[in-house]
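The values are calculated or read from the model by the stated rules, or taken from the named source; none is laboratory data. Note that the coordinates shown come from a computational prediction; the quantities given were computed from them, not determined experimentally. As a convention, Cβ positions derive from the backbone with ideal geometry for all residues, glycine included, and neighbour counts pool all protein chains shown.
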Amino acid sequence: MSPASTRPGRFGPYGGRYVPETLVHPLEELAAAYREAKADPSFGIELEKLLRDYAGRPTPLTFAPRLSAALGGRKVYLKREDLLHTGAHKINNCLGQVLLAQRMGKRRIIAETGAGQHGVATATVCARFGLECVVYMGAEDMERQALNVARMRLLGAEVRAVASGSRTLKDAINEAMRDWVAHCGDTHYLLGSVLGADPYPTMVRDFHACIGREARAQYLQAEGRLPEALIACVGGGSNAMGLFYAFLPDKQVKLIGVEAGGKGNELGLHAARFAPGGGGSPGVLQGTFSYVLQDAAGQIALTHSISAGLDYPSIGPEHAQLHDEGRAEYVAASDAEALAACQTLARLEGIIPALESAHAVAEACRRVPRMAADAGVIINISGRGDKDMGILARELKLADGDRG
Amino acid sequence: MSRFADIFATARREHRAALIPYLTVGDPSLAASLEIALALAEAGADILELGVPFSDPVADGPVIQAASQRALAQGVRLADALELARQVRQRSPVGLLLFSYYNPILQYGLERFARDAVAAGCDGVLAVDLIPEEAGAYRAAAEAAGLDTVFLAAPTSPDERLAAIGAASRGFVYTVSRLGVTGARATVAPGAKELVERLRRQTRLPIALGFGISQPVQARAVAAFADGVVVGTALVEAIARAPEAGAAAAGAAFLRGLRAACEMG
Ligand SMILES: Cc1ncc(COP(=O)(O)O)c(C=O)c1O
């Protein structure tokens with residue numbers, strides 16, 4: 001549809017910069033700052049120190065003995081991004097970008113958030129560095145992730161409700177982009193996934209690539225070989241790209257992305273951009289060319305997922321390339337499967353995953369029993385489930401009154 | 001010569017800036033949009049910007065967002081905008097510029113879009129979220145069909161970009177008067193004149209200025225240094241405030257006030 005290109009910021013035909021002209025200069029400024037930072041050893045040293053002392057890296061790769069046994073004895077390992085400060089992988093990227101904002105002299109930070117994890121991580125790094133912080137969040141997401149709204153406010157951030165469109169992540173990004181267009185002189189847009197215009201998909205992936213680098217070394221250390229498969233949930237795609245990236249050259253390692261299957265395959269009931277017959281096809285949304293859930297006339301579709309972090313109609317452009325090239329495989333897990341998987345991991349391993357991460361666990365529960373008897377997999381536990389306790393209590397009937 | 005070139009040449013001869021109103025196609029209804037478009041042409045519009053509603057208008061403020069939503073709720077899509085253009089063209093020589101986000105055009109098919117737009121009588125197209133660097137195939141399709149491509153220039157664009165924007169544009173260049181999304185403002189941004197002057201050094205095309213212009217006094221100020229004055233939000237608001245039956249008259253009355261201001265005196 002669009003000519004393949006080897007220009008920077010392109011992943012095969014995907015990626016690029018589809019923004020109003022006003023934002024091109026700020027994007028170029030950001031790309032230049034990132035290039036310079038990468039070439040400056042002091043940047044890497046400072047980031048590594050923050051990741052270790054402040055965020056808690058490296059995160060463990062935890063063997064899951066009871067889940068492994070339940071899935072027929074194949075070895076299941078969990079990459080524990082849930083143990084990071086603020087409770088999800090999102091802080092990896094926020095620390096990287098806040099250092100860049102400092103280098104650029106930008107004192108005001110804006111961000112979008114779906115599940116609230118990226119908003120909390122952004123509010124956290126802004127507090128740590130003394131920067132003004134405004135987080136845009138869909139009104140529906142503010143309701144379903146109320147705990148994270150309170151956390152952001154406690155951290156000193158202003159949370160702005162977005163009541164337009166589907167009142168979820170997509171609309172929060174629209175509003176953040178509008179803010180950035182108006183204030184790009186003094187404001188850095190701290191985008192929270194491998195989405196948006198170049199350089200974001202590359203830069204955010206790089207800031208999360210520590211997940212896969214650690215996991216690869218940890219698995220080799222534990223098992224003396226590479227795993228058969230990696231399994232990660234895919235909203236915008238940052239935790240999955242972070243895990244996959246170090247393994248891209250290891251062609252024997254299967255990469256499996258799990259999208260939100262929601263309540264069904266009909267457009268509007270899910271957020272599975274790659275699902276056959278689901279309504280996803282290549283298109284342009286919010287700065288990048290990738291798969292998009294849309295109608296025949298190019299209007300963006302509404303989406304549904306029980307997990308706010310996966311409830312988004314597009315996907316990072318690098319995933320689109322991995323999909324088309326067959327390097328990664330994408331499947332969907334439904335709301336119900338994610339809920340069940342959440343319960344499974346809690347009961348078998350004493351770990352309550354975020355509803356987003358539970359989608360990856362759900363796929364593991366389906367797939368691992370069919371794998372070779374000596375197979376091993378890594379599931380990315382991208383975040384912890386505390387933020388979802390309201391939904392979990394309701395859906396799994398955990399309140400006192402439900403028990404009688 | 002293209003119709004846009006003609007229009008700007010005529011306006012210059014008449015010592016005035018071209019007046020370029022924006023309307024969201026399908027707001028409040030497709031039938032009303034036809035009446036509004038014809039009434040605006042009657043009231044002195046030189047070029048009509050036909051806004052194609054989009055679900056995710058990142059460059060638009062609340063007023064045009066709401067207008068888009070009203071149009072989308074009735075099922076209005078790019079094909080309907082082309083049909084509206086065809087109906088306007090049957091009755092008026094007014095310039096017609098399709099104003100859209102890129103995805104609806106991409107999904108329509110670049111070549112098919114350019115052909116159908118020209119067949120409908122459109123003179124040009126502006127895709128708000130498409131910059132020259134990403135527009136290779138789009139420009140080729142438009143050029144082949146004879147459709148002018150108008151690109152945006154912004155206060156943040158350095159001179160090299162202004163040169164590229166000028167080189168990629170046909171008909172005219174649309175400069176954004178300020179940082180920010182569409183929306184009526186009380187004054188013309190101080191940097192607008194400087195931007196137009198910087199752009200003049202990079203292109204010989206006519207230069208229109210938009211984003212934020214809502215009152216005759218602003219239109220007069222802009223007409224002193226730009227070749228065209230774009231009015232969007234304030235007009236969309238005037239149309240939205242009127243009952244549907246009075247929408248065309250309300251839009252025309254609003255435009256007449258601006259038309260007089262575009263005379264450079
Ligand atoms: C715990 C967790 N996992 C996953 C995601 C989805 O984002 P991504 O696909 O970018 O990792 C989110 C987003 O909010 C999240 O909070």
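The combined condition, being small (Gly, Ala, Ser), closer than 15 Å to A:Asn92 by Cβ, more than 14 Å from every other protein chain (Cβ to nearest Cβ) and within 16 Å of the ligand (Cβ to nearest atom), is not fulfilled by A:Gly262.
Across the stretch A:130-175, the number of residues qualifying as more than 20 Å from A:Ser193 (Cα to Cα) and touching a Gly at 6+ places or on another chain (Cβ under 6 Å) comes to 0. Among the residues of the stretch A:300-313, none is identified as in contact with a Phe, Trp or Tyr (Cβ under 7 Å, 6 or more places away or on another chain) and at the interface with another protein chain (Cβ under 9 Å from one of its Cβ atoms). Would you mind stating whether B:Ala32 is more than 11 Å from every other protein chain (Cβ to nearest Cβ) and either at negative phi or not in a loop (DSSP other than H, G, I, E, B) (or both)? The answer is yes for B:Ala32. On inspection, A:Arg57 does not qualify as under 22 Å from the mean Cα position of the chain (by Cα) and within 14 Å of another protein chain (Cβ to nearest Cβ). The single condition among (1) more than 30 Å from A:Ala393 (Cβ to Cβ); (2) assigned to a helix (DSSP H, G or I); (3) away from the ligand (no atom under 15 Å from the Cβ); (4) among the small types (Gly, Ala, Ser) that A:Ala320 does not meet is (3). You will find that of A:Lys75, A:Lys106, the residue that is farther than 24 Å from A:Cys210 by Cα, away from the ligand (no atom under 12 Å from the Cβ) and touching a residue at least 60 places away in the same chain (Cβ under 8 Å) is A:Lys106 and no other.
Could you grab me the full set of residues in the stretch B:177-202 that are within 11 Å of chain A (Cβ to nearest Cβ), out of contact with any Lys or Arg (no Cβ under 6 Å at 6 or more places or on another chain) and β-branched (Val, Ile, Thr)? Correct list: B:Thr182 only.
The number of residues in the stretch A:323-358 being in a helix (DSSP H, G or I), in contact with a strand residue (DSSP E or B) (Cβ under 7 Å, 6 or more places away or on another chain) and either closer than 22 Å to A:Val204 by Cα or of a type in the set (Gly, Ala, Ser) (or both) comes to 3. Could we say that A:Arg80 is within 15 Å of the ligand (Cβ to nearest atom), modelled with pLDDT under 95 and basic (Lys, Arg) here? It is false that A:Arg80 is within 15 Å of the ligand (Cβ to nearest atom), modelled with pLDDT under 95 and basic (Lys, Arg).
One residue is enough: does the stretch A:153-166 have a residue meeting the conditions within 16 Å of the ligand (Cβ to nearest atom) and closer than 14 Å to A:Tyr312 by Cβ? Yes: one or more hits.
Pick from the stretch B:195-221 the residues that are aliphatic (A, V, I, L, M) and modelled with pLDDT under 95: which of them is farthest from B:Phe151 (Cα to Cα)? Going through the qualifying residues, I end up with B:Val217. Note on the stretch A:331-355: residues that are under 18 Å from the mean Cα position of the chain (by Cα), over 15 Å from A:Ser238 (Cβ atoms) and within 16 Å of the ligand (Cβ to nearest atom) amount to 9.
Can you name the residue in the stretch A:215-246 that is aromatic (Phe, Trp, Tyr) and within 16 Å of the ligand (Cβ to nearest atom) and, of all such residues, is nearest to A:Glu329 (Cα to Cα)? Within the stretch A:215-246, the match that is nearest to A:Glu329 (Cα to Cα) is A:Phe244. Taking (1) within 18 Å of B:Arg12 (Cβ to Cβ); (2) modelled with pLDDT of 95 or more in turn, B:Arg259 satisfies each apart from (2). List the residue pairs whose Cβ atoms are under 9 Å apart, where the first residue sits in the stretch A:363-378 and is closer than 17 Å to A:Gly224 by Cβ, the second is of a type in the set (Asp, Glu), and the two are 6 or more positions apart or on different chains. Short answer, once both residue conditions are applied: A:Ala372/A:Glu228; A:Asp374/A:Glu228; A:Ala375/A:Glu228; A:Gly376/A:Glu223; A:Gly376/A:Glu228; A:Val377/A:Glu228. Restricting attention to the stretch A:248-259, the residues that are away from the ligand (no atom under 16 Å from the Cβ) and in contact with a strand residue (DSSP E or B) (Cβ under 9 Å, 6 or more places away or on another chain) add up to 3.
With the structure loaded, tell me whether A:Ala209 is within 16 Å of the ligand (Cβ to nearest atom) and hydrophobic (A, V, I, L, M, F, W, C) or whether it fails that test. For A:Ala209, the condition - within 16 Å of the ligand (Cβ to nearest atom) and hydrophobic (A, V, I, L, M, F, W, C) - is met. Here is the figure for the stretch A:289-305: residues that are surrounded by 24 or more Cβ atoms within 10 Å (Cβ to Cβ) and within 16 Å of the ligand (Cβ to nearest atom) total 6.
Evaluating B:Ala167 against the criteria (1) at the interface with chain A (Cβ under 9 Å from one of its Cβ atoms); (2) of a type in the set (Gly, Ala, Ser); (3) within 21 Å of A:Leu27 (Cβ to Cβ) leaves one unmet condition, (1). Here the condition is being within 11 Å of chain A (Cβ to nearest Cβ), at pLDDT 95 or above and not in a helix (DSSP H, G or I); of B:Tyr138, B:Tyr174, it holds for B:Tyr174 alone. Within the stretch A:365-373, can one find any residue that is assigned to a strand (DSSP E or B), under 23 Å from the mean Cα position of the chain (by Cα) and not β-branched (Val, Ile, Thr)? The answer is no, given that none of the residues of the stretch A:365-373 is assigned to a strand (DSSP E or B), under 23 Å from the mean Cα position of the chain (by Cα) and not β-branched (Val, Ile, Thr).
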